Amino acid sequence: MKKLMEVLAIASLGVALTGCGNQSTQNSSNTTKTNSEASNNQNTTNNNTSSSESHHDSSLWNNQKNEQLASFMQKWGPTMHQSYEQYDGQNELKVSTGITYPDGLSKELVEGQSGLIGWAPSGKGDYEYNVVAIYNHDGTEPPLPNRITYFFAFHNGKPVVLVDQSNNGDPDCHPTTNTDLESNFERIANQ
C-alpha cells in the first residue's frame, strides 16, 4: 500500500509539473482529469502472447491482433482497478457521458482540433488517426459522470493510443501518458 501511494504521489507530481493535470474538483475546464490516467502509468507484466505466424496483408490491423489486444486489456484493466468495455465492431459503445462510439468519433477533438479521428478497422483510412479499437471504463466515484476512453489508432502508419476523460463539453482526446499501455499496443501492432 505504501509503495502504491509513493507511485501515485510521483505520478501526480509528474502530471502537476507538466501542467497537464487539473484537480478533479476544478470545474473551470471542460475536461476533468482524474488521477486514473496518471496512476495507469504503473508497469504491468509484459505478457508476450505467442502467436502463430500468419501471412502478411496490407492492413495494419487484423482480427488476430484485435484478439491479442482484448486479452491484454482483460489482464491490464484489473491492475488499474478498472474494467473496460470494448467496442465490438457492431454494437455501439455508450459511455457514461452519453456519447456513443464509433459515431461519436465525428465529434471527438484531438488536442482541440476537429475532424482528425475516425473508425478504420484495418488501420488505414482517411483520417489523421485511424481508430482500430475503442475501450471504455465508466467511473463510479464522484464527480460523475466520469470515464476513461482509450482509442487505439494508427497515425501516419504508426500505432498510437489516445485517451479521453472529458465529462462535459466537447469530447477531447490526447496521447496517453501510460507507457505500459502504449508499448503493449505497439508490440501487438508490430507483430
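The values are calculated or read from the model by the stated rules, or taken from the named source; none is laboratory data. Everything numeric in this text was worked out from a predicted model, so none of it was measured. Positions of Cβ are generated from backbone atoms using ideal geometry, with glycine treated the same way; all protein chains shown enter the neighbour counts. Side chains are part of the model used for accessible areas, which takes the heavy atoms of the whole protein and leaves out ligands, DNA and RNA. Shrake-Rupley method; radii C 1.70, N 1.55, O 1.52, S 1.80 Å.
Summary of values
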quantity: Any pair with Cβ under 6 angstrom, 6 or more apart, that starts in the range 175-187 at a residue that is within 10 Å of PHE152 (Cβ to Cβ) and of a type in the set (A, V, I, L, M) and ends at one that is buried (at least 19 other Cβ atoms within 10 Å of the Cβ) and modelled with pLDDT of 95 or more; calculated: LEU181/VAL161
quantity: Residue that is nearest to LYS65 (Cα to Cα) [pool: residues in the range 137-191 that are part of a loop (DSSP other than H, G, I, E, B) and of a type in the set (Ser, Thr, Tyr)]; calculated: THR176
quantity: Residue that is farthest from TYR84 (Cα to Cα), among those in the range 125-136 that are of a type outside the set (Phe, Trp, Tyr) and in a loop (DSSP other than H, G, I, E, B); calculated: ASP126
quantity: Qualifying residue in the range 76-93 (condition: at pLDDT 95 or above and touching a Lys or Arg at 6+ places or on another chain (Cβ under 7 Å)); calculated: no
quantity: The range 88-113, residues that are hydroxyl-bearing (Ser, Thr, Tyr) and either touching a helix residue (DSSP H, G or I) at 6+ places or on another chain (Cβ under 9 Å) or closer than 13 Å to GLN165 by Cα (or both); calculated: SER96, THR97
quantity: Count of residues meeting criterion [touching a residue at least 12 places away in the same chain (Cβ under 8 Å) and out of contact with any strand residue (DSSP E or B) (no Cβ under 9 Å at 6 or more places or on another chain)] in the range 67-88; calculated: 6
quantity: Subset of the range 83-97 (residues that are under 16 Å from PRO145 (Cα atoms) and either open to solvent by less than 20 Å² (accessible area, probe 1.4 Å) or more than 13 Å from the chain's Cα centre (by Cα) (or both)); calculated: LEU93, LYS94, VAL95, SER96, THR97
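Table: residues versus (1) in contact (Cβ under 8 Å) with a residue 60 or more places away in the chain; (2) among the hydroxyl-bearing types (Ser, Thr, Tyr); (3) crowded, with 20+ Cβ neighbours inside 10 Å.
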site: ILE99; (1), (2), (3): yes, no, yes
site: SER122; (1), (2), (3): yes, yes, no
site: TYR127; (1), (2), (3): no, yes, no
site: PHE152; (1), (2), (3): yes, no, yes
site: SER166; (1), (2), (3): yes, yes, yes
